[in-house]
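One structure is given here, and the rest of the page talks about it.
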């Protein structure tokens, strides 16, 4: 787990990206990371040109699936 300054989608002001602190929990695919921002688990990607993660807490939210035994 790594806390870092990331560009957070919900903080974006117009076309200007805004930094915030998020936690990168783990890598889940090719340039696809599990991140947590304000208690919300979501997808993030790393942009090597910016040298930062871009955390999508708007469209990339990961919702917990219902328990299979509760059906």
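The values are calculated or read from the model by the stated rules, or taken from the named source; none is laboratory data. Because the structure is a prediction, the values reported are computed rather than measured. Cβ placement follows ideal geometry from the backbone for every residue including glycine, while neighbour counts extend to all protein chains displayed.
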Would you check which residues across the stretch 50-67 are closer than 15 Å to residue 2 by Cβ and surrounded by fewer than 12 Cβ atoms within 10 Å (Cβ to Cβ) and list them?
-> 51
Subset of the stretch 51-71, residues at pLDDT 95 or above and in a loop (DSSP other than H, G, I, E, B), comes to 51
For residues in the stretch 39-49 being modelled with pLDDT of 95 or more and assigned to a loop (DSSP other than H, G, I, E, B), which is surrounded by the fewest Cβ atoms within 10 Å (Cβ to Cβ)?
-> 49
Go through (1) touching a strand residue (DSSP E or B) at 6+ places or on another chain (Cβ under 8 Å); (2) in a loop (DSSP other than H, G, I, E, B) and name the single condition residue 7 misses.
-> (2)
Conditions (1) in contact with a strand residue (DSSP E or B) (Cβ under 7 Å, 6 or more places away or on another chain); (2) on the phi > 0 side of the Ramachandran plot; (3) without any contact (Cβ under 8 Å) to a residue 12 or more places away in the chain: number failed by residue 18 = (2)
Within the stretch 21-38, which residues are in a loop (DSSP other than H, G, I, E, B) and either at negative phi or touching a helix residue (DSSP H, G or I) at 6+ places or on another chain (Cβ under 9 Å) (or both)?
-> 30, 38
